[in-house]
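**Q** Starting off with a structure, shown below.
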There are 2 protein chains.
Amino acid sequence: MATSGPGTRPTTIYSVAQLAGVSIATVSRVLQGTGATSPQIRAQVLQAVEDLEYVPRRSARSLAVQRHDAQGLVVHDLTGPYYSELLMGYESAAAKFGQSVIIVVTGQREDPEWAVRELASRVDGLVLANSTLPDDEARALGRRTPVVMLARTAVPGCDSVSAENAQSARELTEHLIAHGRRRLFFVGDPEGSPDVQERYRGFTEALSSSDASEVGPAIRVDFREHSGAEVAAQVMGHVNGPDALVCANDELALSTMKALQRGGVKVPDDIAIVGWDDVMTARYVSPGLTTVRQPLFELGRLAATRLHERIAGAPVAPEPRILPTELVLRSSCGCPETDDRDVPWVTS
Amino acid sequence: MATSGPGTRPTTIYSVAQLAGVSIATVSRVLQGTGATSPQIRAQVLQAVEDLEYVPRRSARSLAVQRHDAQGLVVHDLTGPYYSELLMGYESAAAKFGQSVIIVVTGQREDPEWAVRELASRVDGLVLANSTLPDDEARALGRRTPVVMLARTAVPGCDSVSAENAQSARELTEHLIAHGRRRLFFVGDPEGSPDVQERYRGFTEALSSSDASEVGPAIRVDFREHSGAEVAAQVMGHVNGPDALVCANDELALSTMKALQRGGVKVPDDIAIVGWDDVMTARYVSPGLTTVRQPLFELGRLAATRLHERIAGAPVAPEPRILPTELVLRSSCGCPETDDRDVPWVTS
DNA sequence: TGCAGGCTTGTAAGCGCTTACATAGACGGA
DNA sequence: TCCGTCTATGTAAGCGCTTACAAGCCTGCA
């Protein structure tokens, strides 16, 4: 029974109070459940609320209680499977705390810093993913509002959650060496993101602590799919090229693999290829792509949870929280064809 | 030079006014650019704003101007590549209008309707994707605030944007018939979403206007990857099984294809398979998956734009806005191996 | 010199909600 | 019967911002 049509004044706490024959304070108390109220009055108020389809204005409440019940999530882009799952985890945790999430994608913004400041004024705290804001800006923000860093180098005064990178890179590299590979190259630009930087670090560490080969410079390309052709061309041009490629992510690994295969290179016989993220395609291509699975949903959830705690008054955690990752061995590294555990097309 | 530390009172328009030696009205006018201000005063104010790192409280402004400069986006889940791109398009358009976007994922909510009502109280309008709220609830919402329906059957009083489905389904089906296929089955549950319902309609229309075969019932399974094995088992059980499968989306098509291949069925020789969405995997598998590409980014952008117009006062569009889709022919339908236009691993 | 009229700035009244405090009954014990 | 106490409700003061309106100042013209 909405009495509010176009032109009618919107229903406020005053309309409800009037209809229920009580004061606005009483309405507020009934709705908040704060303060004692007689069952009689409560019923009247709730009835009026229902009749008018009353929903309190968020902005008025925020102004009064100095709280938004909302968290901000700032990411650079949303492409790839990476973010949808992260976002799911984030949103689901935030929902449990009764928090809304406002999302800002800085990638295409003309003025990211302004966007984030603006965001900060409508939330109780924010999560900053990598490649969104420079560290000093982040730190400044962290002084005024709770901030959690996501998959990015720790900043003093801010919490930090991320997935483990260097260790898995080391394992992956050692695994390739165990397969007899000796000329390993890293593909992707370590400057591009802290994640990749860590992966590159793990890669070089594993390499230099073995007698496999000298550590060559990384093949610096953009992380996106279109770089594959470029990498393949570069690799096939070598006289004594690599026999293994550690790629910064799966998109890069997959497109490189395809381009090499089209060029007549055999994977993994001639060149082994591995990546990061375990995207859906990784288990559909042939050979299956060996990669590293990140707990993305969990990462999102953790970020939301930590931010919520901070908003509730918890102190900044002294240590960054780092989630373990998991090697997924398929056959692009030289392992025998997968036995199909955990692939969805097999009934178990 | 943030003078605000923990414990200090937060900076408000009053602090700025005081520091600049003017009234709060003047500060507001300078910041809004409304009303004439002398260059002298303006400079003082801006200086103070900078010194204090002042950002106006959003809630106070919203309360005063009765506007949030925010849009709500309600989706059922975020899995798959579908939503990340849609979201990118949405966010980028909204950003251009100076709008924030607050996102609610109803999938795991205990009370979606409450969540959406709550959302409605902190935004100027909302976009409702399919499978989020029942129609009557949506319509009720549409009476009180601008609402745009996304990829969902039109609701009177609400705008509606979606991608074309029936037509492409018809084309896809006719294409398979032209390949000589005669026993075509649809895979996926038409009840599951309006999109799929439309696709099924196109499928049956094409079939009944040809002399290919009778229209069999759809193989009703969940849209997710794990259904592939089930479909394959069902299909291989037939004595005179299908020679073509039109799957409701790519995930289903891909997992079914894999499962069939593992069962010794040749694609496309024994059975042709097609899907919808053109996910990344579709161009990496062998044979390449014939599918339908939807303009997701554009769809997101359109939804944001339409909502913005509605918020600005435009009337509800009488007709739903339907974006065209595009057939992507690869070889799972029986076409010869793709010539690799538009695949990223080929330098052009 | 006086005053109309155009600028610039200040004053103050909201916007809708929460909440500290005041107030009015109801009840029980002295 | 009176008063202290407790409970249920109302009153009113904000929260930080915008904006209609008032007020002051300066310019230029009669």
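The values are calculated or read from the model by the stated rules, or taken from the named source; none is laboratory data. Quantities reported herein were computed from a predicted structural model and do not represent experimental measurements. Every residue, glycine among them, receives a Cβ derived from its backbone with ideal geometry; neighbour counts consider all protein chains shown. Note: areas computed on protein heavy atoms with side chains; ligands, DNA, RNA excluded. Shrake-Rupley method; radii C 1.70, N 1.55, O 1.52, S 1.80 Å.
**Q** Please go through segment A:81-100 and pick out each residue that is within 13 Å of A:Ala129 (Cβ to Cβ) and facing chain B (nearest Cβ under 7 Å).
**A** Once the filter is applied, which keeps residues that are within 13 Å of A:Ala129 (Cβ to Cβ) and facing chain B (nearest Cβ under 7 Å), segment A:81-100 yields A:Tyr83, A:Leu87.
**Q** Could you pull out the residue among B:Ser210, B:Ser227 that is surrounded by 14 or more Cβ atoms within 10 Å (Cβ to Cβ), more than 32 Å from the chain's Cα centre (by Cα) and either within 17 Å of B:Asp189 (Cα to Cα) or among the polar types (S, T, N, Q) (or both)?
**A** So the residue among B:Ser210, B:Ser227 that is surrounded by 14 or more Cβ atoms within 10 Å (Cβ to Cβ), more than 32 Å from the chain's Cα centre (by Cα) and either within 17 Å of B:Asp189 (Cα to Cα) or among the polar types (S, T, N, Q) (or both) is B:Ser210.
**Q** Return only the number of the condition from (1) among the aliphatic types (A, V, I, L, M); (2) over 44 Å from the mean Cα position of the chain (by Cα); (3) outside any helix (DSSP H, G or I) that A:Ala36 does not satisfy.
**A** The failed condition is (2).
**Q** Of the residues that make up segment B:45-61, is at least one more than 28 Å from B:Arg306 (Cα to Cα), within 11 Å of DNA strand C (Cβ to nearest atom) and touching a Gly at 6+ places or on another chain (Cβ under 8 Å)?
**A** no
Yes or no, residue by residue, for (1) near DNA strand D (Cβ under 10 Å from one of its atoms); (2) in the same structural domain as B:Glu309 (by TED's automatic domain parsing); (3) surrounded by fewer than 21 Cβ atoms within 10 Å (Cβ to Cβ); (4) closer than 25 Å to A:Ser100 by Cβ:
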{"position": "B:Ser28", "(1), (2), (3), (4)": "yes, no, yes, no"}
{"position": "B:Leu52", "(1), (2), (3), (4)": "no, no, yes, no"}
{"position": "B:Gly80", "(1), (2), (3), (4)": "no, yes, yes, yes"}
{"position": "B:Glu91", "(1), (2), (3), (4)": "no, yes, no, yes"}
{"position": "B:Phe97", "(1), (2), (3), (4)": "no, yes, yes, yes"}
{"position": "B:Val105", "(1), (2), (3), (4)": "no, yes, no, yes"}
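**Q** Does segment A:306-320 contain at least one residue that is open to solvent by 40 Å² or more (accessible area, probe 1.4 Å), more than 14 Å from chain B (Cβ to nearest Cβ) and touching a Ser or Thr at 6+ places or on another chain (Cβ under 8 Å)?
**A** yes
**Q** Mind listing whichever residues of segment A:224-267 are aliphatic (A, V, I, L, M) and in contact (Cβ under 8 Å) with a residue 60 or more places away in the chain?
**A** Of everything in segment A:224-267, those that are aliphatic (A, V, I, L, M) and in contact (Cβ under 8 Å) with a residue 60 or more places away in the chain turn out to be A:Ala244, A:Leu245, A:Val246, A:Ala248, A:Leu252, A:Ala253, A:Met257, A:Val267.
**Q** Those residues that are touching a residue at least 24 places away in the same chain (Cβ under 8 Å) and either within 11 Å of chain B (Cβ to nearest Cβ) or more than 18 Å from the chain's Cα centre (by Cα) (or both), I need them from segment A:118-141; list them, please.
**A** A:Leu119, A:Ala120, A:Arg122, A:Val123, A:Asp124, A:Glu137, A:Leu141
**Q** Whether any residue in segment A:256-264 is at pLDDT 95 or above, part of a loop (DSSP other than H, G, I, E, B) and open to solvent by less than 30 Å² (accessible area, probe 1.4 Å) is what I want to check.
**A** Within segment A:256-264, not a single residue is at pLDDT 95 or above, part of a loop (DSSP other than H, G, I, E, B) and open to solvent by less than 30 Å² (accessible area, probe 1.4 Å).
**Q** Which residues, taken from segment A:288-300, are in contact with a Pro (Cβ under 9 Å, 6 or more places away or on another chain) and either open to solvent by 40 Å² or more (accessible area, probe 1.4 Å) or outside any loop (DSSP other than H, G, I, E, B) (or both)?
**A** A:Thr290, A:Leu296
Residues are listed down the side, and each one gets a yes or a no for (1) of a type in the set (Ser, Thr, Tyr); (2) in the same structural domain as B:Thr145 (by TED's automatic domain parsing); (3) in contact with a helix residue (DSSP H, G or I) (Cβ under 9 Å, 6 or more places away or on another chain):
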position	(1), (2), (3)
B:Gly237	no, no, no
B:Pro242	no, no, yes
B:Arg306	no, yes, no
B:Ile311	no, yes, no
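**Q** Does A:Ala163 meet the test of being of a type in the set (Gly, Ala, Ser), more than 14 Å from chain B (Cβ to nearest Cβ) and in contact (Cβ under 8 Å) with a residue 40 or more places away in the chain?
**A** Answer is yes for this residue.
**Q** Exactly one of (1) within 14 Å of another protein chain (Cβ to nearest Cβ); (2) free of Cβ contacts under 8 Å to residues at least 60 places away in the same chain is unmet by B:Thr153. Its number?
**A** Evaluating B:Thr153 over (1) within 14 Å of another protein chain (Cβ to nearest Cβ); (2) free of Cβ contacts under 8 Å to residues at least 60 places away in the same chain leaves (1) as the failure.
**Q** More than 30 Å from A:Gln66 (Cα to Cα), of a type in the set (A, V, I, L, M) and assigned to a loop (DSSP other than H, G, I, E, B): does that describe A:Val285?
**A** Criteria met by A:Val285.
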